[in-house]
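Trainee: Would you mind keeping the following structure in view while I ask a few things?
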């Protein structure tokens, strides 16, 4: 892919519609071999971009879901201790005459087969691949510092085995919901992009491509309504994922056009707070009165 | 990107990063280098590409994007036809909100920085301003600032233990983990006593003399209710009203309306002693105040018997872990605690703090969090 528009087109073929800005950033990330840091409201397609990239290149998507307290042994590698013990016991039993060489025995303990490769190590080994580090804002500061090391050198050193270096750096996508400000050192190494809610036409196109079973008129009306709702100061403005859910829910009810009563009945697909539900009902009432 | 000024393109691009830094975006040297590399890849002939390349390499958060757009426009001229910036008015940030200026598009560089500085200091002034004398616009900004507060609940030691890096050896977990490794002695586990949030009880005086502060105090109470700690809120005046449940509504505006519907004695008289007695009899002595941090928001203008107030506060002081008295007038010059109510109450309070501005609210939350 040699231009942003080619990236955009290729992503479009997997069903992921981008705007020119995002396509340019993806293009740059590939050329400059830099990780891509995506921030934005939940449900704007940050994770979906990584999936689309993996599908587009035909490489595996390796996902590392971050959570509070995640550490290197869950992200990099771990030794399978119970199996190592079993192995040692087997050796003991097999060589009762005392012919066991301690050096060999120890060497056999740290064998490839006892190594549990976690996502980051897997991504380096199976490269080319797409490594998705999801919701990095949920992890702690220490974990960020550790990521920094891996993302800059594309290598992981295992004291007992040696260093694993990626032949070609994997495509790395980090996503964050901004529940916490990431450290600047990590941000500096990444290309930053803020994914915003798409405009009317693009969102209609997304619904058409992701949920082709939804009738045209219905898709357009649902998207228009959701876009209105995003300006209503809800506690959690609905994302594209919610638009898709809602359109599919209405389609399941056999709707071909937006019917406000059905819309009210399926509100649970779009808004997930009671206060928001009340507010949206008011909006629907206003539209009904018009 | 034409260069009508005759400067080489690198100079123009680097100058742009300088301008961006002057506007308050933290542009480091490696970021600037990344920007040059990125523009070389997308090509200088494509303004949209340069715009996106700069945004991806030089910005590190949504706060930077708006400034980036303004500086880009000021540096490279017309931005029409380029991807738009983010509509920011619907986003909720944790950071202190700045008032939106009327027309930020006309200013660039230094002027822009002045505006941001002025806006920031306006918010800073508001932090120290007495809540009672604010106009509607300032109140709206204050509401947003109170909403952004993140109160830290006080903690107490729990009966349970929790894993920890050091401390007493956790025999059970050590044995259990070695059992999993077929009896091989493995890592020694440690533990310590866990902590749990301590209950916080807020008693808010809604009598006539406290009227200018009631709205802000209820918003503060809402912010406290939204934390993980068990929190109870009552209004006191001539009657005692429990408003914990209405305040649990997530949206502060609705929560306040619901709480307002419950309270029958807005801006009435003050009979603190009697309402405190009612609180202790009905709720406090049964366990709500026991070991809790009790915060009384009142100016101490007592219409009833100060002796009764003193007795009840002594009772409260024996039940509660800490009693904090927050008086809005304390922060004012020349204030003397001479009101009958305050004189009777002070000997039984652990802390006596001011509560008239956002800054003092933060101090109150600090005192409560450390209690």
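Every read-out reported here was derived from the displayed coordinates using simple, explicitly stated rules and does not represent laboratory data. Predicted model, so just to flag it, every value in this text is computed and none were measured. So basically every Cβ, Gly included, is an ideal-geometry build from the backbone, and we count neighbours across all protein chains shown.
Trainee: Report, in whole Å, the centroid distance computed from the Cα atoms of the range A:197-225 and the range B:167-181.
Mentor: Result: 56 Å between the Cα centres.
Trainee: Still on this model: Based on the alpha carbons, how large is the Rg to Rh ratio for the range B:198-370 when Rh follows Kirkwood?
Mentor: Using only Cα positions, Rg/Rh for the range B:198-370 is 0.92.
Trainee: Here's a follow-up. For the range B:155-196, what's the relative contact order in percent, using C-alpha pairs closer than 8 Å and at least 6 residues apart?
Mentor: For the range B:155-196, the relative contact order is 60 percent.
Trainee: Give me the inter-chain shielding for A:178-185: mean count of other chain Cβ atoms within 10 Å, whole number please. List each step's numbers first, then the result.
Mentor: Values: counts 5, 1, 1, 5, 2, 1, 5, 1.
What the average comes to for A:178-185 is 3.
Trainee: Suppose the chain between residue B:37 and residue B:157 were pulled fully straight at 0.36 nm per residue; how much longer would it get relative to their current alpha carbon spacing?
Mentor: Result: 37.7 nm gained on full extension.
Trainee: Let me ask something else about it. Take chain B, connect every pair of alpha-carbon atoms lying under 10 Å apart with a spring to form a Gaussian network, then pick out the residue of B:127, B:198, B:156 with the largest mean-square fluctuation.
Mentor: B:156
Trainee: Sticking with this structure for a sec: Please report B:195, B:57, A:14 as a ranked list, fewest other C-beta atoms within 10 angstrom at the top and most at the bottom.
Mentor: B:195, A:14, B:57
Trainee: Using a basic spin-label model with each label point 7 Å from the Cα along Cα→Cβ, how many nm lie between residue A:110 and residue B:343?
Mentor: 7.9
Trainee: Still on this structure, I have one more. Which of A:269, A:29, A:94 ends up with the largest GNM mean-square fluctuation for chain A, with Cα atoms connected below 10 Å?
Mentor: Most flexible of the set in this elastic network: A:94.
Trainee: If one puts a single equal scatterer on every Cα of the range B:155-196 and applies the Debye formula without solvent, what log₁₀ I(q)/I(0) results at q = 0.19, 0.31 Å⁻¹?
Mentor: Debye intensities relative to I(0), on a log10 scale: -0.56, -0.98.
Trainee: Per-residue mean of other chain beta-carbon atoms within 10 angstrom of the beta-carbon, peptide A:190-202?
Mentor: 4
Trainee: Something else: The range B:346-361 to the range A:26-60: how many Å between their Cα centroids?
Mentor: 51
Trainee: While we're here: Sort B:51, B:335 so that the residue with the fewest other Cβ atoms within 10 Å of its own Cβ comes first and the one with the most comes last. Intermediate results must be reported in sequence, preceding the final value.
Mentor: Working: B:51 24, B:335 12.
Final ranking by Cβ density, sparse to dense: B:335, B:51.
Trainee: Between residue A:68 and residue A:94, what's the calculated FRET efficiency when r is the beta-carbon distance and R0 is 45 Å? Round to 0.05.
Mentor: For residue A:68 and residue A:94, the calculated efficiency is 0.50.
Trainee: Label points 7 Å out from Cα along the Cβ direction at residue A:14 and residue B:362: separation in nm?
Mentor: That separation, rounded to one decimal, is 4.5 nm.
Trainee: If you rank A:273, B:68 by fewest surrounding Cβ atoms within 10 Å, what's the result?
Mentor: Details: A:273 14, B:68 21.
Lowest to highest Cβ neighbour count: A:273, B:68.
Trainee: Next question, about the same structure. What's the FRET efficiency of residue B:352 with residue B:285 using the Cβ-Cβ distance as r and R₀ = 22 Å, to the nearest 0.05?
Mentor: E between residue B:352 and residue B:285, to the nearest 0.05, is 0.40.
Trainee: Under 16 Å from the 7 Å Cα→Cβ point of residue A:80, by amide nitrogen: which residues of the range A:119-142?
Mentor: A:119, A:122
Trainee: Right, next: Cα centroids of the range B:221-283 and the range A:69-126: how far apart, whole angstrom?
Mentor: What the calculation gives is 61 Å, centre to centre.
Trainee: Regarding chain A, what is the average projected area of its C-alpha convex hull, in nm²?
Mentor: 19.5
Trainee: If you count, for every residue in B:53-65, the Cβ atoms of partner chains within 10 Å of its Cβ, what is the mean?
Mentor: On the way: counts 7, 0, 7, 16, 8, 1, 5, 11, 9, 6, 1, 2, 3.
Partner Cβ neighbours, averaged per residue: 6.
Trainee: Using a cut-off of under 13 Å, list every residue of the range B:152-173 whose amide N is near the label point 7 Å from the Cα of residue B:192 along the Cα-to-beta-carbon line.
Mentor: Flagged as within label range: B:157-158, B:161-169.
Trainee: Also: Please state, as a whole number in µm²/s, the translational diffusion coefficient that the Stokes-Einstein equation yields for chain B at 25 °C and 0.890 mPa s, with Rh defined as the Kirkwood radius across alpha carbon pairs.
Mentor: 99
Trainee: Oh, and also: How many times 2.2 N^0.38 Å is the alpha carbon radius of gyration of the protein assembly as shown? The partial results should precede the final answer.
Mentor: Values: Rg = 30.6 Å, N = 661, 2.2 N^0.38 = 25.9 Å.
Computed over Cα atoms of the protein assembly as shown, the ratio equals 1.18.
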